[in-house]
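A short reminder: the numbers here are calculations on the coordinates, not readings from a lab. Computed from a predicted structure; not experimentally measured. Cβ: placed from backbone, ideal geometry, glycine included. Neighbour counts: every protein chain shown.
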Amino acid sequence: MDKFISTKAAQMDKQYLSKIGMIFYLAQATRPDIMYAVDYWARFVMNTDESHWRALNHLINYIRTTKEQELVISSSRKKKDMKIYVDANWGGEGWRLQHGYCGFLMGSLVMWNSKRQSCISASTCQAEYMALSF
């Protein structure tokens, strides 16, 4: 019986990992609005439970209901400016830093990411500075 349970659990973890992978591809390519959620729920790929599946299904439903939204890149602005925004927490869950950034070119979102930092920083300012270097 234990072998069946562990095999079934491993199969569920594999399905969860597969779905997270597909959603992560979407987040990197066209969906900055889900980047943080995907990064957060990817932490549980090797140890999923019912709450993770509910959250993942909720995210999938959100993607379905917002699939008509588009990223708009406009060249109508005369000023060719680039702005980058970064934010990081210091001492979050498990004392691992989480950072995110987004970059706008001429007012259009062209780059984004959200991830956990692997190194330790002494302050929020240092965490945000390190986020800019990623």
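Given the DSSP H assignment, sum -39500 (n - 2.57) over each helix run of at least 4 residues in the chain and divide by its residue total; what's the result at 222 nm in deg cm²/dmol, nearest 500? It would help to have the intermediate numbers written out before the result.
On the way: 4 runs with 61 residues, N = 134.
It lands at -15000 deg cm²/dmol.
Identify which of the listed values of P(r) over Cα pairs in 5 Å bins from 0, in percent was calculated from the structure shown: [x] 2, 9, 20, 23, 22, 14, 7, 3, 1; [y] 2, 9, 16, 16, 16, 15, 12, 7, 4, 2, 1, 0, 0, 0; [z] 2, 9, 17, 19, 16, 12, 7, 6, 5, 4, 2, 1, 0, 0.
Structure-derived value, by its label: [y].
Tell me which of 12, 131, 103 sits at the most positive position along the dipole axis of the chain, charges placed on C-beta atoms (Lys, Arg +1; Asp, Glu -1).
Positive-most Cα among the choices belongs to 103.
Once the mean 1/r over all distinct Cα pairs of the range 1-70 is inverted, what Kirkwood radius in angstroms do you read off? The partial results should precede the final answer.
On the way: mean 1/r = 0.0782 Å⁻¹.
Taking the inverse mean of 1/r over all distinct Cα pairs, the range 1-70 comes out at 12.8 Å.
How big, on average over all directions, is the shadow cast by the Cα convex hull of the range 72-134, in nm²?
4.6 nm²
Within the chain, how many lysine pairs that are 8 or more places apart, or on different chains, have C-alpha atoms less than 27 Å apart?
Lysine pair count for the chain: 10.
If R0 is 30 Å, what FRET efficiency do you get for residue 65 and residue 108 from their C-beta distance, rounded to 0.05?
Values: r = 24 Å, r/R0 = 0.79.
E(calc), rounded to 0.05, equals 0.80.
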